[in-house]
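Below: one structure, written as structure tokens.
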Amino acid sequence: MSSAKALTHWRAPGRVNLIGDHTDYAQGLALPLAIDRDCSITVVPRPAGAKGSIRAVSKEFAGEVTITTSTRATTSGGEGWGRFVIAAAELVQSLNSHPVNEAIDITVSSTVPAGSGLSSSSALSVALVGALAEYSSLPLSKSELAKAAHQVEERATGVPSGLMDQLASVNGEVDHALLIDFAAELVTPVKWPNDLAIIVINSGMLRALKDSEYAQRREEVENAARQLGLDSLRLATKKQVADNPWARHVVSENERVLAFVSALQSGSYDDLGLIMGKSHASLRDDFLVSTPELNELVANLIAVGAIGARLTGAGFGGCVVALAKPDRADEIAQEALARYRQGASPAIGASAHAFRVRAVAGAGPVGERDNSSGLQ
Ligand code: GLA
């Protein structure tokens, strides 16, 4: 245990997925990028002699969490996010085979909008595990960190999610998207062109994956693979899945990821738009995870001149992602948002917002080493 450490400070970014949704748990392909919105964690030891408990406070999340080291029981508040702190402390303890048992104060702060499909909970899990592991002198590779954070998230939420969000948060690279092959567990950075801006519009419709049909979708996909006698749908052909809409989405989406990367590399931006349109239609019509709000935002973005647009992440609410020429991106985002607000209830309209994102470096300690994302 490195009790000499005065302060441990970690950051972990959220992610936006450009294409390849509901493919990660089917050993498929996806193309997310780590974004310039992140979760930041500091761990500070309390003065010698202080009681051995972990105390966590957050600027953005309500409540204060106190974890008594011996019982791991929380005493107050932080119902949702407190579970992440407990799970992260337990996991680091189990990997290190001794407890994170010093009296420490954890401060959590996040600029990733919660419940919006930009992986705020993965950013929280990765930053917590990274900070507590470093504080406890437990070395973790990128892959180990992503998998540990995935376990934390699963324990905290009960959602059987795939590994995309944690891998994106950990492996982010400045000005690069990340082609992830989940079967090979391979992350390949793909240069992002500087003449293509990425817009995110939050529909203002919050969703918690645990209350959504996410787990059911995963079950359908796994059933489809079993019925074909396959370990996963990665090995299925289009012909084999022609009559099963869940499986049809997954198999066609994997193809679209590769087509998207080719179009990106050859500068065929019109093709990027077509591929995103097909992806959104497949998520809407075959996979049934879109909503009227997300459909409207996508239609608005295309109508006002975006190159392409689609829902991003799990769906059921949350955000859409769009591409545009940089000199028109702000105008396109604001115009699409204004049209959306006209038809939305005042409450939804007020919480909907648009912003541009760029690809940043993956999770890591702040200060001591290179913080190439420029985030503080
Ligand atoms: C959520 C999950 C990911 C992935 C996406 C859909 O973000 O956490 O694992 O399945 O949905 O692509």
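The values are calculated or read from the model by the stated rules, or taken from the named source; none is laboratory data. Note that the structure is predicted; figures quoted are calculated from it, not measured. Note: ideal-geometry Cβ built from the backbone for every residue, glycine included; neighbour counts use all protein chains shown. These area figures cover heavy atoms from the full protein model, side chains too; ligands, DNA and RNA do not enter into them. Shrake-Rupley method; radii C 1.70, N 1.55, O 1.52, S 1.80 Å.
Mind listing the phi-derived Karplus ³J(HN,Hα) values for the range 7-14, rounded to whole Hz, using 6.51, -1.76 and 1.60 with θ = phi - 60°, and x for any glycine or proline?
Working through the residues one at a time gives 7, 10, 10, 10, 10, 9, x, x Hz.
Would you mind computing Rg(Cα) / (2.2 N^0.38 Å) for the range 294-337, counting N as its residues?
Output field value: 1.06.
What percent does the relative contact order of the chain come to when contacts are Cα pairs within less than 8 Å and at least six residues apart?
Across the chain, relative contact order equals 23 percent.
Rounded to the nearest 500, what is the 222 nm mean residue ellipticity of the chain from helices alone, with -39500 (n - 2.57) per DSSP H run of 4+ residues and division by all residues?
Mean residue ellipticity, 222 nm, calculated: -12500 deg cm²/dmol.
What is the ratio of the Cα radius of gyration of the range 230-376 to 2.2 N^0.38 Å, where N is its residue count, to two decimals?
1.21
Please compute the Kirkwood hydrodynamic radius of the range 96-185 from all pairs of different C-alpha atoms, in Å with one decimal.
14.2
Highest first, please rank the peptides 23-29, 137-143 by the mean number of other Cβ atoms sitting within 10 Å of their residues.
With the highest mean Cβ count within 10 Å placed first, the list reads 23-29, 137-143.
What accessible area per residue comes out for the chain, rounded to a whole number of Å², with a 1.4 Å probe?
40
Between K325 and A184, what is 0.36 nm times their sequence separation minus the Cα-Cα distance? Round to one decimal in nm.
Full extension of this stretch gives 47.4 nm more.
Along the Cα→Cβ direction, 7 angstrom out, place labels at L7 and N96. What is the inter-label distance in nm?
2.0
Percent of accessible area on the range 83-145 owned by carbon and sulfur, 1.4 Å probe?
That share works out to 55 percent.
Which order do D285, D181 take when ranked by solvent-accessible area (1.4 Å probe, heavy atoms of all protein chains), largest first?
Ranked from most to least accessible, the order is D285, D181.
Considering only protein heavy atoms and a probe of 1.4 Å, how much of the accessible area of the range 221-373 is carbon and sulfur, as a whole percent?
51
For I302, what accessible area in Å² do you get when you roll a 1.4 Å probe over the heavy atoms of the protein chains, rounding to the nearest 10?
80
What is the mean projected area of the alpha carbon convex hull for the chain, to one decimal in square nanometres?
Mean projected area for the chain: 18.5 nm², to one decimal.
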